[in-house]
Amino acid sequence: MNFDFSQEQIQFADALRRWANQDYQFEQRKHIIQSASGTSDHAWAALTELGALALPVPEDQGGFNGSAVDMLVLMQELGRALVVEPYFATVFAAEFLKLAKAHFDILEQVATGQTKLAAALYEAQSRHEAYDIKTTFTPSADGYVLNGKKTVVIHGAQADHLIVSARAGGDQFAAKGIMLFLVDARSAGVNRRDYRTLDGMRAADISFEQVQLPAIALLGREDGGADLLDAALDYGTTLLCAEAVGIMEATIAATLEYLKTRQQFGVPIGKFQVLQHRMADMYMELEQARSMAMLAAVKQTSADTQERKRTVSAAKARVGQAARLIGQQAVQLHGGMGVTNELPVAHMFKRLTMIELSLGDTDHHLTRFIAQSDFVPA
């Protein structure tokens, strides 16, 4: 497996890093989080100008048709900078439109930064089970009528359009009957409650009360909603793994710098062998997580659905384990300062914690990995 990035990927990563170092530093990020919207129009415009929004969009819709590996490079840089803009929410939701080969006009608007998207998939009772859906739809003369509630929709209040999972009825946990819809967030009957999350992002609880949808709101085939949902979730999970790798890199770098400068008994604490051993453990965890994140990105194009699911779940579980160890060790090595908002490491740990809980935690993905039909118990 080739771990070398192309020259174009390296140049793109360098451009993103220069932007973050100049215009998205730690203090600037704190001001954005504390603002009323929790996001920055200036940062969004910069990401658009850099081509970050166009990268995952197909060429026919004005994008660059970037691969999952291209997106891995990008997400690592956004993770390193702890970017709180609605980028992940938008490109994750855009993947549903790409897979469904529908609403090309919306994809064109995503590429130019005119439209923000969000995926409203999980509910109060579902936790990590995306198939656990109580939101329902019923056919109408002109299309469909949507009713239900979705919770913790990342950047749901900032989105112009929402991807919503629903079912016609039947078994609440079954794959059969799941359908996905594109919903205009300004539609009558859509109510959003916006709030800030632990890691500085924004989320919303969204209710749908007799929301009238046109027939074209349906994404994909009527019998293919579960497959579409699984494929998009694997893509989004891969992006989160890449973001976590970038955050873990930044966490280790910040911790190493602290060990070099913090002194005790007249010497930097980094001279103490036991702390050096901790740093070595953190670095090994990072490298294992990096390898799995890249493998997950490569397998996004696999024709073998079981292989894709197995690899993505293995990556999310491994990244989750590494994130916990690296985050906890970084806080311990910083001492009491490690849990204060004055240092970036506390914010890094919070974001890693939220990534662990997003789109399935470690336990969920270990269970999913074992459940694959080609899994052979040791």
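Selection of first residues in segment 193-222 that are of a type in the set (D, E) and of second residues that are in a helix (DSSP H, G or I), restricted to Cβ pairs under 6 Å at least 6 apart or on distinct chains, gives the following pairs, ordered by first then second residue: D199/K350; D199/R351; D199/M354. Within segment 196-226, the residues that satisfy the criterion of being out of contact with any helix residue (DSSP H, G or I) (no Cβ under 8 Å at 6 or more places or on another chain) and open to solvent by 50 Å² or more (accessible area, probe 1.4 Å) are E209, Q210, Q212, P214, A215, I216, R221, E222, D223.
Inspect segment 280-297 for any residue being surrounded by 17 or more Cβ atoms within 10 Å (Cβ to Cβ), over 23 Å from D374 (Cα atoms) and over 20 Å from the mean Cα position of the chain (by Cα) and give the result as yes or no. The answer is yes, given that some residue of segment 280-297 is surrounded by 17 or more Cβ atoms within 10 Å (Cβ to Cβ), over 23 Å from D374 (Cα atoms) and over 20 Å from the mean Cα position of the chain (by Cα). A single member of K116, K150 is open to solvent by less than 20 Å² (accessible area, probe 1.4 Å) and either under 23 Å from the mean Cα position of the chain (by Cα) or not charged (D, E, K, R) (or both), and it is K150.
Against the condition more than 30 Å from T197 (Cβ to Cβ), assigned to a helix (DSSP H, G or I) and either in contact (Cβ under 8 Å) with a residue 60 or more places away in the chain or of a type outside the set (S, T, N, Q) (or both), how does K260 come out, does it pass? Give the steps one after another, and end with the answer.
Working: more than 30 Å from T197 (Cβ to Cβ): yes; assigned to a helix (DSSP H, G or I): yes; either in contact (Cβ under 8 Å) with a residue 60 or more places away in the chain or of a type outside the set (S, T, N, Q) (or both): yes.
Yes.
Is one or more of the residues making up segment 69-81 part of a loop (DSSP other than H, G, I, E, B) and at pLDDT 95 or above? Break it down stepwise before answering.
Residues of segment 69-81 part of a loop (DSSP other than H, G, I, E, B): 81.
Restricting the remaining residues to those that are at pLDDT 95 or above gives 81.
Taking every residue of segment 69-81 in turn, at least one turns out to be part of a loop (DSSP other than H, G, I, E, B) and at pLDDT 95 or above.
A119 - would you say it is closer than 22 Å to D227 by Cβ, in contact (Cβ under 8 Å) with a residue 60 or more places away in the chain, of a type in the set (G, A, S) and touching a Ser or Thr at 6+ places or on another chain (Cβ under 9 Å)? It is true that A119 is closer than 22 Å to D227 by Cβ, in contact (Cβ under 8 Å) with a residue 60 or more places away in the chain, of a type in the set (G, A, S) and touching a Ser or Thr at 6+ places or on another chain (Cβ under 9 Å). Looking at E59, is it more than 24 Å from R221 (Cβ to Cβ) and either among the polar types (S, T, N, Q) or without any contact (Cβ under 8 Å) to a residue 60 or more places away in the chain (or both)? When the stated conditions are applied, E59 passes them.
The values are calculated or read from the model by the stated rules, or taken from the named source; none is laboratory data. Please read all numbers here as calculations on a predicted model, not as lab measurements. Please note: Cβ atoms are built from the backbone with ideal geometry, for glycine as well, and neighbour counts cover all protein chains shown. What goes into the accessible areas is simple: the full protein's heavy atoms, side chains included, and nothing from ligands, DNA or RNA. Shrake-Rupley method; radii C 1.70, N 1.55, O 1.52, S 1.80 Å.
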